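Right, one structure below, let's go through it.
The values are calculated or read from the model by the stated rules, or taken from the named source; none is laboratory data. These numbers come from a predicted model, not from an experiment. Positions of Cβ are generated from backbone atoms using ideal geometry, with glycine treated the same way; all protein chains shown enter the neighbour counts. Protein only, heavy atoms only, side chains kept; ligands, DNA and RNA dropped before computing areas. Shrake-Rupley method; radii C 1.70, N 1.55, O 1.52, S 1.80 Å.
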Amino acid sequence: VPNVKEATISASTKKDVLGGTMEEADSCTIAGVKPEYTSVSNLSVYIGEFITEEDEAGKARVCVLGYNLALSMFDSIMDAYDSSITIDDVSFTVNGVLQPMGTVSSGISPDDAVYVPYSTAGKYFFGRDVSPVIAVVANSIGQVEQMTEHVEILLSENYPGATFTISDAGSKMEAALQSSRTLSSLLMAVAIIVFVVGGIGIMNVLFVSIKERTREIGVLKALGMSRKDVMLEFLLEAVVIAVVGGGLGNLLSTGIIPLARQLGTRMEPIAWGYLLAFFFAVGTGTLFGFYPAYKASRLIPVEALNQE
C-alpha cells in the first residue's frame, strides 16, 4: 500500500498474571505486539527495552510491564526490571517497564498491560478466535483517506471471506468532538431551564413577601423612606436568597462527586466551576428579584396602609 509510513499488528487477551509481591494471580491484559508497536502507539520505555526483532523471531518468553502494573506487582520499578513473572503458568522475564501513558486509541491501557512478542503470544495464549488489530500510519494527514481505501481493497482481495472494520483516528476524534458538542448543548439547555425555574421561584417568594408586608411598606414610605430604599431592601432579600441557594448548590455538588465516581463517571472539581455556579445563582436572583422590588417601591402609601 502506498503512502504508508509505519504499520504493525497486535492482539490482546486476558490471562492470570502472578509475580513480585502478589499473593495470588490477577487477571491482566496480555498484548502480543511487534517491535514497531512503540512508535505507532507513541509508547516510551521507562527502564530496560521493548520487544526486539530477536525476541519476535525466537518466540522469546520476555515481557514488558505497564507502569501501574509494575508498581502493583513489585515494591519499585527497579525491582520489576529483570525479574520473573508467570503468565497463565508460563514463566516470563521482565525486559522493561513503560513510562506512564494513559489510555491509547487501540483501547489497551498501557499502564496496566503486559506486552509480549506477537509470535510468543500466538504460541502460548491466542486461540483460533483471536481478532488482531493492524495499525497503519500514513506519511501525511492528507493521504489518510486514499491510504484507507487502498488498505480496504487489499484486505478484501486477500481475505474475501473475512470480516474486518476500518477506522481512522480522525473519525474517532470527530465523533468525540460531536459527542462533546451534543453534551454541551444539553448542559446549556439544562442551565436555561434552571435559570428560568429558579428565577420564577425567587420572584414568587418575593411577591408573597411583598403581599404579606404591604402595610409595613406603607408605614416605611409614610415615614419618608424613598422608592429607591424600598427597592434596594427587597432586591437585597432576593440576592441573599440567591447567595444561600448558590452556596447550598455548591455543597450539594461536592457531595454528589464521590457518588458519581462510584458509578463510573469521572468528575474533577475545579475552583472556577464553583465560582461560575455561585455567580450564576447570584445573577439569577438579582435579575428576577428586580421586578418584584420595583413593584414594591411603586406602592402608594395610603393604599398600602389600607391593605387588609
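Note on the range 208-284: Rg/Rh from C-alpha atoms, Kirkwood Rh, equals 1.26.
Can you tell me the equivalent ellipsoid semi-axes for the range 19-62? Use √(5λ) from the Cα gyration tensor, largest first, whole Å.
23, 14, 11
Of Gln262, Leu236, Val17, which is farthest along the charge dipole of the chain in the positive direction, counting Lys and Arg as +1 and Asp and Glu as -1 at C-beta? Checked the options; the winner is Leu236.
Its alpha carbons considered, the range 1-75 gives a radius of gyration followed by a Dmax of 14.4, 51 Å.
When the alpha-carbon atoms of the chain are used, the pair Rg, Dmax equals 32.6, 102 angstrom. Phi-derived couplings, Karplus 6.51 cos²θ - 1.76 cosθ + 1.60 at θ = phi - 60°, listed residue by residue for the range 182-194: 5, 4, 4, 5, 5, 5, 5, 5, 4, 4, 5, 4, 4 Hz, with x used for Gly and Pro.
For the range 1-155, the Kirkwood hydrodynamic radius from C-alpha pairs, put into Stokes-Einstein at 37 °C and a viscosity of 0.692 mPa s, yields a diffusion coefficient of 204 µm² per second.
The ellipsoid that matches the Cα gyration tensor of the range 133-206 has semi-axes, each √(5λ) in whole angstrom, of 50, 13, 7, with the longest given first.
Placing Ser44, Ser109 in order of accessible area, with the largest value first and a 1.4 Å probe, yields Ser44, Ser109. Its residue count N fixes a reference of 2.2 N^0.38 Å for the range 76-221, and the Cα radius of gyration divided by that reference is 2.08. Summarised as an ellipsoid, the range 53-137 has semi-axes of 21, 18, 12 Å, derived from the eigenvalues of the Cα gyration tensor scaled by 5 and square-rooted, with the largest first. Close Lys pairs in the chain (alpha-carbon distance under 23 Å; sequence gap of 8 or more, or different chains): 16. Once the Cα atoms are used to define both axes, helix 227-262 deviates from the longest principal axis of the chain by about 20 degrees. In the context of the full set of protein chains, residues of the chain present 61 Å² of accessible surface per residue (probe radius 1.4 Å, heavy atoms only). The portion of the accessible surface of the chain made up by carbon and sulfur, rounded to a whole percent, is 59 (1.4 Å probe; DNA, RNA and ligands excluded).
Across Val137, Val116, Val190, mean-square fluctuation computed from a Gaussian network of the chain (C-alpha pairs under 10 Å connected) peaks at Val190.
Placing unit charges on the Cβ atoms only, positive for Lys and Arg and negative for Asp and Glu, gives the chain a dipole magnitude near 2000 debye about its Cα centre. Considering only alpha-carbon pairs that sit under 8 angstrom and 6 or more positions apart, the relative contact order computed for the chain is 18 percent. For the range 185-246, the alpha carbon positions stretch 51, 18, 18 Å along the principal axes, listed from largest to smallest.
The alpha-carbon atoms of the range 140-258, seen along their principal axes, cover 96, 32, 21 angstrom, with the largest extent given first. Only beta bridges with both residues in the chain are counted; by DSSP, about 75 percent of them are antiparallel.
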